[in-house]
Amino acid sequence: MEGIFSNLWLGFTVAAAPFNLLMCLIGVLLGTLIGVLPGVGPVATIAMLLPITFNLSPIAALIMLAGIYYGAQYGGSTTAILVNLPGESSSVVTCLDGYQMARQGRAGPALATAALASFFAGCVATLIVAMFAPPLAEVALKFGPAEYFSLMVLGLVAAVVLAHGSLLKAIAMVILGLLLGLIGTDVNSGVLRFAFGISELADGIGFVTVAMGMFGLAEIIANLEHKETREVFTKKVSHLWPTREDWKRLWQPTLRGTFLGSALGILPGGGALLASFGAYTLEKKVSRNAHEFGKGAIEGVAAPESANNAGAQTSFIPLLTLGIPSNAVMALMIGAMMIQGIAPGPQVMTERPQLFWGMIASMWIGNLMLVVLNLPLIGMWIKLLTVPYRILYPSILVFMSIGVFSLSNQPFDCFLMALFGLLGYICVKLECEPAPMILGFILGPLMEENLRRAMLLSRGNPMTFIEKPISAGFIIVSVILLVIIALPALRKKREEAFQEG
Amino acid sequence: MLRGLIAGAVLAFAAGAQAQAWPAKPIRLIAPYAAGGPIDISARLLAPKLQEALGQPVIVENRPGAGGNLGVELAAKSAPDGHTLAIGAIATHAINPWLFDKLPYDPLKDFRHVALMVQVPNVLVVNVELPVKSVKELIAHARAHPGKLDFASGSTGSTGHLAGEMFKLMTGTFMVHIPYKGAAPAAADLMAGRVHLIFDNLASALPNVKAGRVRALAVTTKARSAFLPELPTLDESGLKGFDMTTWWGVMMPAKTPEAIVQRLNTEIFRALESSDVKERLRAMGSEVPAVRTPEAFTAFVAAELKTYGELVRRSGAKPD
């Protein structure tokens, strides 16, 4: 234990050096900014900034780049809550209840909840990284194709719970998402599937493209129906801060979200993505206010926001201890380290303790900066809601297009986003929720990939999913969940619990 | 004859005039892969050096997609005025032509191959639990347990996959190929012992080899690597003639004026020899290439294209 504290102390002396503090501030500022801008994500930003980091010291470079990443998690929730636009995959679920809260004039408490829950989660997760990074990396290695597949199955079954409309529609949307996820090159054979000869589809459809279209664009189109009678959420604003009642409701979900997020964030490949979805689903299952979910429940903001921030923090564990990137941003961090002549891997911790612990300490400092930055900004963000539609929406559209274009510099992606906007609008009309579709879209390809890999490794023996204890655990929980959903008696109860109006 | 001479003179004059005006505007350097990967990084290392030398901004543009094909296709179809450069790699110029049915470019005819930049060896690494300490023991183990060994790769048709298929062909063994989406998850499963071996690129394998988490058996290049001089080559381990490197370099549209190509070749090698770029590329496992002129690079690409055509055909890596 003493070792941890002396290490953390070393880290703080490194991270608190004036120049490193400045870099941390620049990082989190930039991160917040790009998080708020729809579509412009940390991947594009970090890629553009990579050359600038050549001339920085390794630690200053990594502190700044990491700041951009977790800063974006804070900023992403702002647009999700205010305009129903998830900038990052992790803020998709925040849209569900955050936006509803904003519509009820409770944008202030929603934003404050997001910031505070993120801060709490960030601090706890940083401590987890500091104390348990090496053993947790070993846990991450325990997850092979079979375990991932079973985890994804559980995720998909749980996805149905995400919807608050009809069960049938939720299942249909999950399947639509799965189908869309099939587009692209088949990992096993290299064959192109459903690409219709369009080479831009060879790598599949980007998540941001789908999310921007289904959520943001669809929302804009749907709002055009209501002429200028915009339900301006500001008119009813009574207070910016969560009430005493809110506090009572949000602390438990924040705790659960933090731990679920920390756990799932460690898993390379989709783990961090699952965190916010998982936390939301869990809350909906355990909360006494389950009937309010989807209509502006504060738990529905606190849980996923704490989960995604915790996950963002712990996703550094596989990178720092094994040199394995768990997502596209971490892959960029590997690039940044290689530019500096550091080979990411297990030796970083022992050979460059200042770098390792300095970065961890900077995460805590960065989280503190973020909460200090974000809380006073809430008043300003609320003002943004008074901007008339005719100005707000065109500017959002421009930013969305820039963001989607910046993903791979293909105009094609912008057209695709427009197409998904149309689909999203149709779904709004049909009262089909986009969230289960998005989850299906994310999980589908991962699930297929891991299923086929697990089957290849077991030489076609499906028992592999039951013989492995972790995998078996997930399968059992999935079956139980399925039974609960499918049992007619219980199902009636579910409909009562989740049916709107 | 005379007409030919005049035409030649006019062309040379035109080229000269163009070369003098070049570069007239910012130059774009297309990296056909996602930001942050080794190809992108090397492009971003090169860009500021070229910018300094040429006096015009050099902008790296990531155009990922379709295994790199989208980016190089864009370069092939750009105006050959010296303002579009692209990184062409072993995938786009030696392997993909055999994997994809309708490739929208010709890897030889549509490009001037300006300068080879990076050559990285692959390393054969095995899980530490596998009871083999040398290539010879691995072959014996594979023969004793046919179809029991798994080798992972970053994707179907990657150099790691083809190196594995080549290994199988040359040793007459059978192992199951397990493709992944990227080299990182493949490396993780190797460490965890779910797959037995992998032909990984040297730079990413090195830290875990040194930490003793995986065991390196041999490099795939003909010569030993300066980074692990004690590690034998596959060639000297009994697989005579085994020689594979992952490479990439700068290419331009086919009709780019000769003077520009030569000038860029000079500037690129000046950049590669500069101490900071050299040091950073060494960290990625690459030395300054021995193939130095544009002509030699073209010959190199042609030879690679031929080698991999044969390998893709014999290994059955092409989807049917």
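Yes or no: residue B:36 within 14 Å of chain A (Cβ to nearest Cβ), touching an Asp or Glu at 6+ places or on another chain (Cβ under 8 Å) and crowded, with 19+ Cβ neighbours inside 10 Å? No.
This table checks each residue for (1) surrounded by 24 or more Cβ atoms within 10 Å (Cβ to Cβ); (2) farther than 30 Å from residue B:178 by Cα.
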{"position": "A:93", "(1), (2)": "yes, yes"}
{"position": "A:114", "(1), (2)": "yes, yes"}
{"position": "A:142", "(1), (2)": "no, no"}
{"position": "A:149", "(1), (2)": "yes, no"}
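Residues in the stretch A:392-447 that are of a type in the set (Phe, Trp, Tyr), open to solvent by less than 30 Å² (accessible area, probe 1.4 Å) and more than 22 Å from the chain's Cα centre (by Cα): A:393 only. Residue B:222 falls short on exactly one of the conditions (1) crowded, with 18+ Cβ neighbours inside 10 Å; (2) within 30 Å of residue B:41 (Cα to Cα); (3) in contact with a helix residue (DSSP H, G or I) (Cβ under 8 Å, 6 or more places away or on another chain), and that condition is (1). Here A:79, A:53 are screened, and the one residue that is within 14 Å of chain B (Cβ to nearest Cβ) and either over 21 Å from residue B:35 (Cβ atoms) or open to solvent by less than 10 Å² (accessible area, probe 1.4 Å) (or both) is A:53.
Scanning the stretch A:294-348 for residues that are more than 13 Å from every other protein chain (Cβ to nearest Cβ) and among the aliphatic types (A, V, I, L, M) gives A:297, A:298, A:301, A:302, A:303, A:307, A:310, A:312. Check whether at least one residue in the stretch A:280-290 is surrounded by fewer than 24 Cβ atoms within 10 Å (Cβ to Cβ), within 30 Å of residue A:244 (Cα to Cα) and β-branched (Val, Ile, Thr), and report yes or no. Checking the stretch A:280-290: at least one residue is surrounded by fewer than 24 Cβ atoms within 10 Å (Cβ to Cβ), within 30 Å of residue A:244 (Cα to Cα) and β-branched (Val, Ile, Thr).
Looking at the stretch A:351-389 only, could you name the residues that are of a type in the set (S, T, N, Q), part of a helix (DSSP H, G or I) and surrounded by fewer than 17 Cβ atoms within 10 Å (Cβ to Cβ)? Matches in the stretch A:351-389: A:354 only. Residues in the stretch B:49-70 that are at the interface with chain A (Cβ under 7 Å from one of its Cβ atoms) and under 14 Å from residue A:51 (Cα atoms) were compared, and the one that is least open to solvent (accessible area, probe 1.4 Å) is B:62. The single residue among B:163, B:203 that is away from every other protein chain (no Cβ under 13 Å), under 28 Å from residue A:189 (Cα atoms), open to solvent by less than 40 Å² (accessible area, probe 1.4 Å) and in contact with a strand residue (DSSP E or B) (Cβ under 8 Å, 6 or more places away or on another chain) turns out to be B:163. Do we find that residue A:56 is out of contact with any strand residue (DSSP E or B) (no Cβ under 9 Å at 6 or more places or on another chain), of a type in the set (A, V, I, L, M, F, W, C) and in a helix (DSSP H, G or I) in this structure? No: the conditions fail for residue A:56.
For the stretch A:8-28, does any single residue satisfy the condition of being out of contact with any His (no Cβ under 9 Å at 6 or more places or on another chain), at pLDDT 90 or above and among the hydroxyl-bearing types (Ser, Thr, Tyr)? Checking the stretch A:8-28: at least one residue is out of contact with any His (no Cβ under 9 Å at 6 or more places or on another chain), at pLDDT 90 or above and among the hydroxyl-bearing types (Ser, Thr, Tyr). Each residue in the stretch B:280-320 was checked for being surrounded by 15 or more Cβ atoms within 10 Å (Cβ to Cβ) and within 14 Å of chain A (Cβ to nearest Cβ), and 12 pass.
The values are calculated or read from the model by the stated rules, or taken from the named source; none is laboratory data. All figures in this text were calculated on a predicted structure; none of them were measured in a lab. In this analysis, Cβ positions are derived from the backbone assuming ideal geometry, glycine residues included, and neighbour counts consider all displayed protein chains. When the accessible area is computed, the model is the full protein with side chains, heavy atoms only, and any ligands, DNA or RNA have been set aside. Shrake-Rupley method; radii C 1.70, N 1.55, O 1.52, S 1.80 Å.
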